[in-house]
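Student: Quick one: the structure is below, questions incoming.
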Amino acid sequence: MERAEIVDPDTGEVLDDGLVVYFAAPKSFTTEPVLELHTHSSRAIIASVLHSLSRISGCRPAEPGEFTRRAFESGRLDLTQVEGLKDLIDAETSVQRKLALRAAGGAMRKKYDELRERIIYCQAMVEAIIDFGEGEEIEDGVWEKTQAKVSELRNEIQSHLQDGRRGEILRNGIRLAIFGPPNAGKSSLLNFLAQREAAIVTPLPGTTRDVLEISLDIGGMP
């Protein structure tokens, strides 16, 4: 990391005084050589820097998700980490952030890899029994032990899949509708939940005629 003046490549005009960070391959996010320019957040500075970069041959804006795609294609991330990274970017609550961070860090991959290894082990035991049978080459009770391991695996996978869509609910949030007769207190309840005046409250019935939507974070649940 170096402090440097960022200048226009054609005119030599100083655009900003910022930081330059170079990541040599394969130590970058995408495993490719990467150069980062850290500028001040002024719109004028950002526009000037981008305009100058656009005039350099081979330089173009990255497509949405391109850095993540390149990281996946290079093997830096697997699909579970890519999904976790997307969830982390979209996270609006602390619970969403914690779950997404675990997935982006490879927690789901480790779990699935462990299940895969156990499945392969059981498959190998069954194939060995089919090929050789329980005798001198294979100790007694292998079939029963393998059956018990397969049963344990099946129960674990079923439990993982039948979680009441908890992961989906935490990821996408809970959508609730407040409805009822006029002057039942719907707007007051909405304002209480929002902790602000999101809806107009008056004694006159039918004051709120439009559909109102708000996003809430209740104990980390979106």
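Student: Pulled fully out, how much extra length does the chain show between residue 1 and residue 13, if you take 0.36 nm times their separation in residues and subtract their Cα-Cα distance?
Tutor: Working: separation 12, 0.36 × 12 = 4.32 nm, distance 2.21 nm.
That pair, residue 1 and residue 13, stretches by 2.1 nm at full extension.
Student: Check the straight Cα-Cα distances from residue 111 and name the lysines below 24 Å, setting aside those fewer than 8 residues away within the same chain.
Tutor: Hits, sequence-local ones excluded: 86, 98, 145, 149.
Student: As a check on your grasp of the helix formula, calculate [θ] at 222 nm for the chain: sum -39500 (n - 2.57) over DSSP H runs of n ≥ 4, divide by the residue count, round to the nearest 500.
Tutor: -15000 deg cm²/dmol
Student: Just to verify a number: FRET efficiency for residue 132 and residue 37, C-beta to C-beta distance, R0 = 45 Å, to 0.05?
Tutor: 0.10
Student: Ok, one more. Quick check: at a probe of 1.4 Å, how many percent of the accessible area of the chain sits on carbon and sulfur atoms?
Tutor: Values: 9400 of 16790 Å².
The nonpolar share, carbon plus sulfur, comes to 56 percent.
Student: Quote the FRET efficiency, to the nearest 0.05, computed for residue 29 versus residue 204 with a Förster distance R0 of 41 Å and r equal to the Cβ-Cβ distance.
Tutor: E(calc), rounded to 0.05, equals 0.10.
Student: Here's something else I'd like to know. If I stretch the segment between residue 162 and residue 53 completely, what's the gain in nm (0.36 nm per residue apart, minus their alpha carbon distance), one decimal?
Tutor: 34.2 nm
Student: State to the nearest 20 debye the size of the charge dipole of the chain about its Cα centre, where the only charges are +1 on K and R beta carbons and -1 on D and E beta carbons.
Tutor: Values: 27 positive and 36 negative charges, 240 e Å.
The dipole magnitude comes to about 1160 debye.
Student: Residues of segment 66-99 with backbone nitrogen within less than 19 Å of a virtual label 7 Å along the Cα-to-Cβ line of residue 216, please, listed as ranges.
Tutor: Counting only backbone N, you get 92-96.
Student: How large is the charge dipole for segment 160-207, taken about the Cα centre, if only the Cβ atoms of Lys, Arg (+1) and Asp, Glu (-1) carry charge, to the nearest 20 debye?
Tutor: 100
Student: Ignoring ligands, DNA and RNA, what accessible area per residue does segment 1-83 give at 1.4 Å, in Å²?
Tutor: 72
Student: Could you sort the peptides 87-94, 55-62 by per-residue average Cβ neighbour count (10 Å cutoff), highest mean leading?
Tutor: Details: 87-94: 15.5, 55-62: 8.1.
Going from most to least packed, we get 87-94, 55-62.
Student: If you don't mind, there's one more thing I want to ask. Positive end of the charge dipole of the chain (Lys, Arg +1 and Asp, Glu -1 on Cβ, about the Cα centre): tell me which of 198, 53, 155 has its Cα farthest that way.
Tutor: Sorting the options by dipole projection puts first 198.
The values are calculated or read from the model by the stated rules, or taken from the named source; none is laboratory data. Note that the coordinates shown come from a computational prediction; the quantities given were computed from them, not determined experimentally. Positions of Cβ are generated from backbone atoms using ideal geometry, with glycine treated the same way; all protein chains shown enter the neighbour counts. The protein model used for the area step is the full one, side chains on, heavy atoms only, and it has no ligands, DNA or RNA in it. Shrake-Rupley method; radii C 1.70, N 1.55, O 1.52, S 1.80 Å.
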